[in-house]
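First the structure, in the form of structure tokens, and then the observations on it.
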């Protein structure tokens, strides 16, 4: 049985099979919507079920609370229709969805940006076009069938190369290989691009909120905006534990020093003794500077706890419209997996 999914606002509609998620069904039929992890962890695809019955699927409780579920909220990357539905999600729009594909890449350069952060530059095949939106991610396809996801850290204008930032996870199966065994000229297989985390066309000032290597997609977004000569106001907030974790602080400082519409605020949660900058949770620094976010868009990337706290506080305390919070949460595989 095929179910009819009607979308408000916009009066769009698409069909969904019982065995596919609402997100997969929408993407399959050429609709675009925000999404990130596709595993119920980041909350980027959260929407409202106005009428009808769903199976909410295997979502993560920190991305969809019991109160959310009781209020009719759902994560579209997990939820499956059990009847015709009316859903409310302003982020679902007609779009030219870039279809993911599998390609082989060659490791061209490995740069140690911090003790636990490796920048990988991957060379695409000369005959292969790999279109993507700045901020999307790719999956490494490992020999045993496992996958590992990383955001693309460069803008599409840099043809032929993908830049990724890999943080060493203690005991991590893939990251340990990157830091101890991977070599220049190694061949890797990856699939992508994935995700709906990219700058939307808007004149609204944008808050770009990153924690740790969540700076990677923010870097790609900013580079893409600058290449397009956009003068849209951008304020980058980058939260880390220590100053050494701000592994490419030279870049946002340079952007802010040379462009009047770009600002940069680093924030440390465990500041060094000589640190004179902002401290505490990175999203609270942004909220202190922008107590009224009603006229802004927010793009947040990092650990799920930061994403969840930022979404809650920006909407409840900063009057940010829920639809203007776009996020990509980084989740890690269990140790040794």
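Kindly establish whether residue 250 is surrounded by fewer than 23 Cβ atoms within 10 Å (Cβ to Cβ) and farther than 25 Å from residue 323 by Cα. Yes; evaluated as a whole, the condition is true for this residue. Residue count for the range 190-225, restricted to those that are more than 20 Å from residue 32 (Cβ to Cβ), outside any strand (DSSP E or B) and in contact with a helix residue (DSSP H, G or I) (Cβ under 7 Å, 6 or more places away or on another chain): 3. Scanning the range 148-189 for residues that are part of a strand (DSSP E or B) and out of contact with any helix residue (DSSP H, G or I) (no Cβ under 9 Å at 6 or more places or on another chain) yields a total of 6. When 179, 215 are checked against the criterion of being over 11 Å from the mean Cα position of the chain (by Cα), at pLDDT 95 or above and surrounded by 15 or more Cβ atoms within 10 Å (Cβ to Cβ), a single residue qualifies: 179. Is one or more of the residues making up the range 34-45 in contact (Cβ under 8 Å) with a residue 12 or more places away in the chain, over 21 Å from residue 198 (Cα atoms) and either surrounded by 22 or more Cβ atoms within 10 Å (Cβ to Cβ) or not assigned by TED's automatic domain parsing to the domain that holds residue 75 (or both)? No, the range 34-45 has no match at all.
Results for (1) without any contact (Cβ under 8 Å) to a residue 40 or more places away in the chain; (2) crowded, with 19+ Cβ neighbours inside 10 Å; (3) in a strand (DSSP E or B), shown as yes or no for each residue.
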site: 4; (1), (2), (3): no, no, yes
site: 47; (1), (2), (3): no, yes, yes
site: 57; (1), (2), (3): yes, no, no
site: 67; (1), (2), (3): yes, no, no
site: 86; (1), (2), (3): no, no, yes
site: 98; (1), (2), (3): no, no, no
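All conditions in (1) touching a helix residue (DSSP H, G or I) at 6+ places or on another chain (Cβ under 9 Å); (2) not in a strand (DSSP E or B) hold for residue 236, with the sole exception of (2).
Among the residues in the range 282-289, are any loosely packed, with under 15 Cβ neighbours inside 10 Å, over 21 Å from the mean Cα position of the chain (by Cα), part of a helix (DSSP H, G or I) and at pLDDT 95 or above? Let's see the steps before the verdict.
Initial filter on the range 282-289 (loosely packed, with under 15 Cβ neighbours inside 10 Å): 288-289.
Those still in the list that are over 21 Å from the mean Cα position of the chain (by Cα) too: 288-289.
Cutting the leftovers down to part of a helix (DSSP H, G or I) gives us 288-289.
Next cut, at pLDDT 95 or above only: 288-289.
Within the range 282-289, one or more residues are loosely packed, with under 15 Cβ neighbours inside 10 Å, over 21 Å from the mean Cα position of the chain (by Cα), part of a helix (DSSP H, G or I) and at pLDDT 95 or above.
Quick one: which of 257, 272 is over 30 Å from residue 38 (Cβ atoms), more than 20 Å from the chain's Cα centre (by Cα) and in a helix (DSSP H, G or I)?
Values: 272 fails: in a helix (DSSP H, G or I).
257 is the lone residue from the list that is over 30 Å from residue 38 (Cβ atoms), more than 20 Å from the chain's Cα centre (by Cα) and in a helix (DSSP H, G or I).
Tell me whether the range 227-234 contains one or more residues that are modelled with pLDDT of 95 or more, in contact with a strand residue (DSSP E or B) (Cβ under 6 Å, 6 or more places away or on another chain), at negative phi and crowded, with 21+ Cβ neighbours inside 10 Å. Taking every residue of the range 227-234 in turn, at least one turns out to be modelled with pLDDT of 95 or more, in contact with a strand residue (DSSP E or B) (Cβ under 6 Å, 6 or more places away or on another chain), at negative phi and crowded, with 21+ Cβ neighbours inside 10 Å.
When residue 118 is tested against (1) under 30 Å from residue 250 (Cβ atoms); (2) touching a helix residue (DSSP H, G or I) at 6+ places or on another chain (Cβ under 6 Å); (3) at pLDDT below 95, exactly one condition is not met: (3). The set of residues from the range 294-322 being at pLDDT 95 or above, in a loop (DSSP other than H, G, I, E, B) and surrounded by fewer than 23 Cβ atoms within 10 Å (Cβ to Cβ) comprises 294, 295, 296, 317, 318, 319. Kindly indicate whether residue 74 is touching a strand residue (DSSP E or B) at 6+ places or on another chain (Cβ under 8 Å), part of a strand (DSSP E or B) and either modelled with pLDDT under 90 or buried (at least 23 other Cβ atoms within 10 Å of the Cβ) (or both). Yes; evaluated as a whole, the condition is true for this residue. With respect to residue 167, is the statement that it is farther than 23 Å from residue 131 by Cβ and within 17 Å of the chain's Cα centre (by Cα) true? Against the criterion (farther than 23 Å from residue 131 by Cβ and within 17 Å of the chain's Cα centre (by Cα)), residue 167 qualifies.
The values are calculated or read from the model by the stated rules, or taken from the named source; none is laboratory data. In this text the structure is predicted, and so the values were computed from the model without any measurement. Methodologically, a virtual Cβ is constructed for each residue, glycine included, from the backbone with ideal geometry; neighbour enumeration extends over all protein chains shown.
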